[in-house]
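Step one of this worksheet: look at the structure below.
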Amino acid sequence: MDDDWRLHGQDHLQGVTLHRRRYFLWRPDWDHDHCEFCWKTFLLPGAPLQKDQVSEGWATDDEYHWVCDECFSDFKERFHWKVRDPLSSDRPDTPWPQPTIKPSGEVKK
Ligand SMILES: [Zn+2]
């Protein structure tokens, strides 16, 4: 487990609280994000999904970092994740297709 290729110093995810939700756009000029571990692609629900693309997963409280289902179950004990229910303060889902914004295809973090 210690040499799992998906581990590359995700200390910022140690002990955080995650909630499962549909992928949404954190900023309107983004069009996707990646799992913090396996780099699987998150796309909006409704988008055609290919292999290694998902539209739901686990988000941190700031909803800035995403973890896919597979990595969630593989690493939840190691990272001591807590799980919470959705809250009304969570950001709203992004409708598909996006009405106005042209995706840039890049994620800048
Ligand atoms: Zn993953």
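Is there any pair linking a residue in the range 60-74 that is among the β-branched types (Val, Ile, Thr) to one that is within 10 Å of the ligand (Cβ to nearest atom), with Cβ under 7 Å and at least six apart or on different chains, and which?
Pairs found: 67/35; 67/36; 67/37; 67/57; 67/58.
Can you report the number of residues in the range 1-30 which are aliphatic (A, V, I, L, M), surrounded by 16 or more Cβ atoms within 10 Å (Cβ to Cβ) and within 22 Å of residue 78 (Cα to Cα)?
Number of matching residues: 3.
Could you run through the range 44-79 and say how many residues are in a loop (DSSP other than H, G, I, E, B), over 17 Å from residue 18 (Cα atoms) and more than 14 Å from the ligand (Cβ to nearest atom)?
So in the range 44-79, the residues in a loop (DSSP other than H, G, I, E, B) come out as 44, 46, 48-52, 55, 60-65, 68, 76-79.
Going one step further and asking which of them are over 17 Å from residue 18 (Cα atoms), we end up with 44, 46, 48-52.
Next, from what is left, pick out any that are more than 14 Å from the ligand (Cβ to nearest atom): 44, 46, 48-50.
Looking only at that region, the number is 5.
From the list 87, 49, which one is under 19 Å from residue 106 (Cα atoms) and either surrounded by fewer than 19 Cβ atoms within 10 Å (Cβ to Cβ) or touching a Phe, Trp or Tyr at 6+ places or on another chain (Cβ under 9 Å) (or both)? Show your work before the answer.
Values: 87 fails: under 19 Å from residue 106 (Cα atoms).
On inspection, the qualifying residue turns out to be 49.
For the condition over 24 Å from residue 84 (Cβ atoms) and more than 16 Å from the ligand (Cβ to nearest atom), what is the one hit in 11, 29? Walk me through how you get there before you give the answer.
Numbers: 11 fails: over 24 Å from residue 84 (Cβ atoms).
Of the residues listed, the single one that is over 24 Å from residue 84 (Cβ atoms) and more than 16 Å from the ligand (Cβ to nearest atom) is 29.
No value in this document is a laboratory result; all are computed from the given coordinates. Just so it is clear, the structure is predicted and the values come from calculations on it, not from any experiment. Ideal geometry is used to build each Cβ from the backbone, glycine not excepted, and the neighbour counts take in all protein chains shown.
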